[in-house]
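**Student:** Structure incoming, see below.
Taken together, the values in this text are just the output of simple stated rules run on the coordinates, not laboratory data. These numbers were taken from a predicted model, which means no experiment stands behind them. Positions of Cβ are backbone-derived with ideal geometry, glycine not excepted, and every protein chain shown enters the neighbour counts.
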Amino acid sequence: MTTTEKPASLISTLPGHYYTDPQVFALEQAHVFEDMWFCVVRSGDLPTPGSFKKVQVGRESVLVVRSRDGGLRAFLNVCRHRGAQICTEDSGAVKRAFQCPYHAWTYDLEGKLIAAPNLTKMPDIDRVEYGLVPVHLREWLGYAWVCLAKEPPSFEDDVVGAIGERLGDVESIDRWELDSLTVGRRITYDVKANWKLIIENFMECYHCATIHPELTEVLPEFADGYAAQFFVGHGAEFGEEVQGFTVDGTEGFDKLPGVAEDQDRRYYAITVRPTVFVNLVPDHVIFHRMFPVAEDRTIVECDWLYSRDVVESGRDVSRSVELFHRVNEQDFAACERTQPAMSSRAYANGGVLVPSEHHIGAFHEWLTQRLSG
Ligand code: FES
Ligand SMILES: [Fe+2]
């Protein structure tokens, strides 16, 4: 055996520079975040016409807006005159139009150019042609997903399909009725790690016994190191004594009405490439959106979604939130501990995956293929 051959139980990870090289990150911005369906906003965060949110998608600033017909639209946040950013605030509401702060070109909520100084003296300007540049947008599960590609990939294959593949069928997710749920808590994490470390960590449970004492108490099978995602359709079962998906295993809330009996007392984890994790438990949903900002920094927005009744009645969600908040902090600390070592000569050729992590190899293959495309 030469020193480069690996025992059959180990396969290689990506080399370290994939997590540190700004050029790799630039390729990911172009071929992953801009070219795929990228989940940006909870639809309910834009309640009325004129509500907007500014989000970063790859290299572009994008405005997501509730338009007058009640639907959501997205535009590049770039004035068609001389390119000033239309919005600099992260979110807010305008009455009926966006006005560029530079020379006051003004666009309606559908992106059309409706006013500009001396515009009537330029009758040859087509107001739609010189409107804001639209971006593809789809709403699903109560979130807006955008795609900057000219020809977006199939939403049904890439997003709906990823969930169907994991749960065993695409209809299962409907039982949680995510679009009717309400955000009970949102926590934003500023993680000093590459987004792929966060995905890879989410995909495996080899670390669960080491770093997630509360989670393995609620889901004893996680102590074996096999992630729920390892088996199609499998949901990890709550421990016998456990009453609910809470930090101390005490009772949670009523099961959401659509959740089937055989999905009760179970936890399902789903990765939707490139940046979304969905966690399903009987009484709530934990929904992660990643916003990679640099090769070594990722903002993660995590929503805890409950039935409207639970949130509007003011019931205390803190024990329920605390469980996954601790899991998040434990996971992100592990990713931050890993990031600095990615540039070490010890990791120049990468590390290894044990059998319960081998499925991460498919993620690496997928990524390298996208970057080469
Ligand atoms: S750059 Fe926007 S109006 Fe001139
Ligand atoms: Fe974890």
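**Student:** Considering every pair of different Cα atoms, what Kirkwood radius, in Å, is found for the stretch 254-373?
**Tutor:** Computed over Cα pairs of the stretch 254-373, the Kirkwood hydrodynamic radius comes out at 17.2 Å.
**Student:** Also: Provide the gained length on full extension for the span Asp90 to Thr188, in nm with one decimal, where the gain is 0.36 nm per separating residue minus the Cα-Cα distance.
**Tutor:** Residue separation times 0.36 nm, minus the Cα-Cα distance, leaves 33.9 nm.
**Student:** When Lys and Arg each count +1 and Asp and Glu each count -1, what net charge do the other residues less than 11 Å away from Phe238, Cβ to Cβ, add up to? Before the final figure, lay out the partial values.
**Tutor:** Values: positive: Arg265, Arg266; negative: Glu217, Glu221, Glu237, Glu240, Glu241, Asp264.
Computed value for this residue: -4.
**Student:** Quote the relative contact order of the stretch 264-373 in percent (integer), defining contacts as alpha-carbon pairs under 8 Å separated by 6+ residues.
**Tutor:** Value for the stretch 264-373: 12 percent.
**Student:** If you stretched the chain out fully between Asp309 and Ala209, how much longer would it get, using 0.36 nm times the residue separation minus the C-alpha to C-alpha distance?
**Tutor:** Numbers: separation 100, 0.36 × 100 = 36.00 nm, distance 3.48 nm.
The Asp309-Ala209 span can extend by a further 32.5 nm.
**Student:** Cα gyration tensor of the chain, axes a ≥ b ≥ c as square roots of the eigenvalues: rounded (a/c below 1.5), prolate (a/b > b/c) or oblate?
**Tutor:** Cα axes put the chain in the oblate bin.
**Student:** Here's a follow-up. Using a Förster distance of 51 angstrom, determine the FRET efficiency expected from the C-beta separation of Ala8 and Ser61, and round it to 0.05.
**Tutor:** In this case the efficiency is close to 0.60.
**Student:** On to the next question. Within the stretch 1-76, which GluC sites (Glu not before Pro) sit in a loop by DSSP and count at most 12 neighbouring Cβ atoms inside 10 Å?
**Tutor:** Working: sites: Glu5, Glu28, Glu34, Glu60; in loops: Glu5, Glu34.
When the GluC sites (Glu not before Pro) of the stretch 1-76 are filtered for loop state and at most 12 Cβ neighbours within 10 Å, Glu5 remain.
**Student:** Each label point is 7 Å from the Cα along the Cα-to-Cβ direction; what then is the distance between the points at Val354 and Asp69, in nm?
**Tutor:** That separation, rounded to one decimal, is 5.5 nm.
**Student:** Okay, next question. Taking the number of other C-beta atoms within 10 Å as the exposure measure, put Thr20, Thr298, Thr368 in order starting with the fewest.
**Tutor:** By the 10 Å Cβ count, ascending: Thr368, Thr20, Thr298.
**Student:** So which lysines can Lys54 reach, going by Cα to Cα under 23 Å and dropping same-chain residues fewer than 8 places off?
**Tutor:** The qualifying lysines are Lys95, Lys112, Lys150, Lys192.
**Student:** Another question, if that's okay. Using a 7 Å offset from the Cα along the Cα-to-Cβ direction at both Ser372 and Glu322, what is the distance between the two label points in nm, to one decimal?
**Tutor:** Going from the Ser372 label point to the Glu322 one covers 5.0 nm.
**Student:** Would you please calculate the Kirkwood hydrodynamic radius of the stretch 37-152 over all C-alpha pairs and express it in Å, rounded to one decimal?
**Tutor:** 14.3
**Student:** Now a separate question. Counting other beta carbons within 10 Å of each Cβ, put Leu27, Leu353 in order, fewest first. Please report the intermediate quantities before stating the final value.
**Tutor:** On the way: Leu27 17, Leu353 20.
Ascending Cβ contact count within 10 Å gives the list Leu27, Leu353.
**Student:** Counting pairs of alpha carbon atoms under 8 Å apart in space and at least six apart in sequence, what relative contact order in percent does the chain give?
**Tutor:** 21 percent.
**Student:** Could you check the spin-label model distance between Ala341 and His103? Points 7 Å from the Cα along Cα→Cβ, value in nm.
**Tutor:** 5.6
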